[in-house]
1. Those residues that are of a type in the set (Lys, Arg) and more than 16 Å from the ligand (Cβ to nearest atom), I need them from the range 47-90; list them, please.
2. Name the residue, out of Ala397, Ala386, that is among the aliphatic types (A, V, I, L, M) and either in a helix (DSSP H, G or I) or open to solvent by 60 Å² or more (accessible area, probe 1.4 Å) (or both).
3. Given the residues Ala282, Ala277, which is the only one that is in contact (Cβ under 8 Å) with a residue 40 or more places away in the chain, part of a helix (DSSP H, G or I) and within 22 Å of Ser165 (Cβ to Cβ)?
4. Can you tell me which residue within the range 157-181, out of those that are more than 16 Å from the ligand (Cβ to nearest atom) and of a type in the set (A, V, I, L, M, F, W, C), is nearest to Ala349 (Cα to Cα)?
5. Please go through the range 332-341 and pick out each residue that is buried (at least 24 other Cβ atoms within 10 Å of the Cβ) and part of a helix (DSSP H, G or I).
6. Taking the options Ala392, Ala415, name whichever one is under 19 Å from Asp216 (Cα atoms) and touching a residue at least 12 places away in the same chain (Cβ under 8 Å).
7. So the check is Cβ under 8 Å with 6+ separation or different chains; which pairs have a first residue in the range 244-261 that's in contact (Cβ under 8 Å) with a residue 40 or more places away in the chain and of a type in the set (Val, Ile, Thr) and a second one that's open to solvent by 50 Å² or more (accessible area, probe 1.4 Å) and away from the ligand (no atom under 13 Å from the Cβ)?
8. Go through the range 203-259 and give me each residue that's surrounded by fewer than 16 Cβ atoms within 10 Å (Cβ to Cβ) and within 16 Å of the ligand (Cβ to nearest atom).
Amino acid sequence: MSHGRMAVVALLLVAAISAMSPYLGSSRGMRDGQVEIYSWWTGPGEEDGLHAMVGDFEARNRGVHVVSAAVSGGAGSNAKAILASRLLAGDPPDSYQRHAGLELADDVRSGKVADLTALYAEQGWTSVLPRGLLDHLTIGGKLYAVPVNIHRANLIWYRPATLRSLGIAGPPRSWNEFLEQAATIRAKGLTPLTVGPEWTQKHLLETVLLGELGSDGYEELWGGGTPWRRPAARAVLDTYRQVLAQSDVTSSAADWQPQLDRVTSGSAVYAVMGDWAYSYLAISRKLAWNKDFAVAASPGTDGVFDFLSDSFTLPTGARHPDLARRWLVECGSVAGQDLFNPLKGSIPARIDADPNRYTGYLAWDLGQWRDPHTRIVGSLTHGVVADNGWNAEIDTALELFLRDGDTARFAQTVASTYEDTR
Ligand code: GAL
């Protein structure tokens, strides 16, 4: 999508959402001592983590109050468009959520976010964050956002009792095995795979690409158009098409939480989703890990960690930059991260956080993240490997592909739009 079209879509969305929500999102009219923090964490599970960190921040900064400007919609599906229109109108929140990686690059290029290198030096953050993550936050030698967490995208969620009742020994270790299992599952009248709105289908696409092409092949896809023109890319897209045909895509869930509900109620067998699902299932829904629900690396990705990191920025023109800086200090602190992450279903970005706070799935996750044998790659859907221009073009091409299933055209469009958006 061109930037012009993106802006129009953003404005239409603002109008549509403001009709539904009492919170329109503007920093105008805020009182002294208030700091506006913008995110998309409104859902059960995600919101708890944010509240815990906000509580700690307010306790440490007496008289300062956070105004949470959160816009619902998984993966920022609504929040990002509204944010774009606010930035365009010169009305930024005091701090907003972005993913580490190329998602930040446009904001940096267009001067929307302030350089935080001095704050990093003052807080000593460069020695407590992993080198690879720092690289994703650095553009032109400067640091532009403070990470609060690490999430993993390549996971498949299921209910052990459902697999037992179907006589299936375990979750599929390849997408071909999934397709074999799907035949058994359908014969028993269940849905093999449940999906949600378009961003969840893109999330699924990225895990199929990773599982089928392997880490090197997956990483190559984001470096240029050429790999998309190879027969291997079309073959994976064909697998993706077959996988989707085994899903409830025609009656897909409203967002990722209801998608997971279909798995735990037993009407669908698998869902591919990031580990924010853990907080939703274990904390909000109070289900037991490895009993009421379980999780494995998505097919073909054992030993690979498809990562993303939620980070906060200091927009240029923020009305309360000093308070925003204090918020960023909270985000980058051990205390803030150790309050936020156990509730959010993520692990700390800092290497010196307290590992004892991470139990159940999160202990396993932290072990995998820190294991030197784990191969780390970046998420497409959650901002790491493609910039916003190309990502928007991929969204448009995917929408069309979901309707016409034309693998050759999809691959060709993704390749050529890479070149067009340079
Ligand atoms: C991701 C974000 C996660 C979680 C998820 C679902 O983009 O990084 O923190 O919010 O979307 O909404």
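1. Scanning the range 47-90 gives Arg60, Arg62, Arg86.
2. Within the list Ala397, Ala386, the selection yields Ala397.
3. Ala277
4. Trp175
5. If the condition is that a residue be buried (at least 24 other Cβ atoms within 10 Å of the Cβ) and part of a helix (DSSP H, G or I), then Gly336, Gln337, Phe340, Asn341 are the ones that fit.
6. Ala415
7. Val249/Leu402
8. Residues satisfying the conditions are Ala254, Pro258.
The values are calculated or read from the model by the stated rules, or taken from the named source; none is laboratory data. It should be emphasised that the depicted structure is a prediction, and the values quoted were computed from it without experimental measurement. Here the Cβ is made from the backbone with ideal geometry for all residues, glycine too, and neighbour counts use every protein chain on show. The accessibility values were calculated without ligands, DNA or RNA, using every heavy atom of the protein model including side chains. Shrake-Rupley method; radii C 1.70, N 1.55, O 1.52, S 1.80 Å.
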